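Report on the following structure.
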Amino acid sequence: MIYLELFWSFFKTGLFTFGGGYAMIPVVRHEVTVHGWMSEEMFYNFIGVCESTPGPIAINMATYVGSTQGGFLGALLATLGVVLPSFIIILLIAKFLHNFKDNKYVKAFLDGVKPVVMALIASTGIMLIIKCLIVNFSTLNVNNFEFDLYAFIITIVLVSIMFFYKKIKKNNISPILLIIISAVFGILFYGF
């Protein structure tokens, strides 16, 4: 039954992924590709869509995958699945915080989880960079390596803007402005 699969897949993702939406991306990718809900190519394109729409990336992904596989009820159950573990954990922490805040086992657990979170986020970043700059990612080998010059140019422009803005204004540039700039470049390079 698709509804149970959607709920369970996203519940597991929400339950076992620490570090927020970016740390969830590799787990979500695994779940959606194993179940055949999305191709790898479609998944990486969808990350861009999730990043440029309001809301947390994990919730956006769960809602989209759920709606494509099971309509409104599928979207509701997938979203509930990804949110419910965090909701329950936060309620428990709020209720028992005074008992846990100085607990050496809780501190040890959190210290042990930090490297995994960093690795998941780093692997997502590396995979997105590779996917962005290499057109034939799904069949990556030496014979069909095709460098995407437009993606490289957009990346260099955005990094330059971020660097010079930070140097001149002594502040970080708004991610919203970067999304708008990259969308304009995408339309200019790929749309015409």
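The values are calculated or read from the model by the stated rules, or taken from the named source; none is laboratory data. The shown structure was predicted, so the numbers you read here are calculated from the model rather than taken from an experiment. Glycine also receives a Cβ, built like all others from the backbone with ideal geometry; neighbour counts cover every protein chain displayed. For accessibility, only protein heavy atoms count, side chains too; no ligands or nucleic acids. Shrake-Rupley method; radii C 1.70, N 1.55, O 1.52, S 1.80 Å.
Some notes on this structure:
- Figure legend. Inter-residue proximity from the range 41-53: first residues free of Cβ contacts under 8 Å to residues at least 60 places away in the same chain, second residues among the β-branched types (Val, Ile, Thr) and in a helix (DSSP H, G or I), beta-carbon distance below 7 Å, spacing 6+ or different chains. Indicated pairs: Phe43/Val32; Phe43/Thr33; Cys50/Ile57.
- Residue that is modelled with the highest pLDDT [pool: residues in the range 105-162 that are of a type in the set (Ser, Thr, Tyr), closer than 19 Å to Gly48 by Cβ and open to solvent by less than 50 Å² (accessible area, probe 1.4 Å)]: Ser123
- Single residue of the range 70-104 satisfying the filter (open to solvent by 60 Å² or more (accessible area, probe 1.4 Å) and not in a helix (DSSP H, G or I)) that is modelled with the lowest pLDDT: Lys101
- If the condition is being surrounded by 16 or more Cβ atoms within 10 Å (Cβ to Cβ) and of a type in the set (Lys, Arg), then the range 1-28 contributes no residue at all.
- Of everything in the range 44-61 that is among the aliphatic types (A, V, I, L, M) and modelled with pLDDT of 85 or more, the residue that is surrounded by the fewest Cβ atoms within 10 Å (Cβ to Cβ) is Ile59.
- Filter result (assigned to a helix (DSSP H, G or I), out of contact with any helix residue (DSSP H, G or I) (no Cβ under 8 Å at 6 or more places or on another chain) and not hydroxyl-bearing (Ser, Thr, Tyr)) within the range 154-181: Ile156, Val159, Phe163, Phe164, Lys166, Lys167, Ile168, Lys169, Pro175, Ile176, Leu177, Ile180
- For first residues located in the range 1-25 and of a type in the set (Asp, Glu), partners that are open to solvent by 50 Å² or more (accessible area, probe 1.4 Å) and not in a helix (DSSP H, G or I) and lie 6+ apart or on another chain with Cβ distances below 7 Å form the pairs Glu5/His35.
- Some residue of the range 94-101 being touching a helix residue (DSSP H, G or I) at 6+ places or on another chain (Cβ under 6 Å), touching a residue at least 12 places away in the same chain (Cβ under 8 Å) and not small (Gly, Ala, Ser): no
- In the set Glu41, Glu31, only one residue is surrounded by 14 or more Cβ atoms within 10 Å (Cβ to Cβ), among the acidic types (Asp, Glu) and assigned to a helix (DSSP H, G or I); that residue is Glu31.
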